[in-house]
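Derivation of every value follows stated rules applied to the coordinates shown; laboratory data play no part. Worth saying up front: this structure is predicted, and the values here are computed from it rather than measured. For neighbour counting, all protein chains shown are included, and Cβ atoms are generated from backbone atoms with ideal geometry for every residue, glycine included.
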Amino acid sequence: MLADVVKFVWMVFGEDRLTTREVEYRLESLFDYHCPDDFAKTMTKLKLAGYVKGEVSIEKGGWVWWVDDECKKKDLTGVN
């Protein structure tokens with residue numbers, strides 16, 4: 001299940017840097033997917049596993065996330 005979420009998340013980014021809310025909005029509008037828990041926690045888990053990158057943005061007032069080639073090279077076979 002989480003491997004599918006990672007794939008969906010990767011698809012919504014393209015080359016963009018997005019806030020947590022923007023990622024949630026894109027997932028919902030493109031895939032009709034709503035995360036069952038606190039999405040910021042999910043993004044943090046993905047960041048710790050290396051599937052996304054992120055940093056706090058004072059300008060945006062929260063976390064900004066992105067996906068690069070390094071993230072997309074991660075093996076998803078062991079994701080639960």
HN-Hα couplings for segment 11-24 via Karplus (6.51, -1.76, 1.60; θ = phi - 60°), in whole Hz with x for Gly/Pro, come out as 5, 6, 6, x, 9, 7, 9, 10, 6, 4, 5, 5, 5, 4
Phi angles of segment 40-56, converted by Karplus (6.51 cos²θ - 1.76 cosθ + 1.60, θ = phi - 60°) into ³J(HN,Hα) in whole Hz with x for Gly and Pro, give 4, 5, 4, 5, 5, 4, 5, 5, 4, 7, x, 7, 9, 10, x, 7, 6
Length gained if Ala49 through Leu30 is fully extended, taking 0.36 nm per residue and subtracting the Cα-Cα distance, is 4.4 nm
So, with points 7 Å from each Cα along the Cβ direction, the Thr77-Glu15 label distance in nm works out to 3.3 nm
Computed on Cα atoms, Rg of the chain relative to 2.2 N^0.38 Å comes out at 1.01
Interchain or sequence-distant (5+) residues whose placed amide H lies within less than 5 Å of the amide H of Leu76 are none
Going residue by residue through segment 64-76, the Karplus relation 6.51 cos²θ - 1.76 cosθ + 1.60 with θ = phi - 60° gives ³J(HN,Hα) values, rounded to whole Hz and with x marking Gly or Pro, of 10, 10, 7, 10, 10, 4, 4, 4, 6, 7, 5, 6, 9
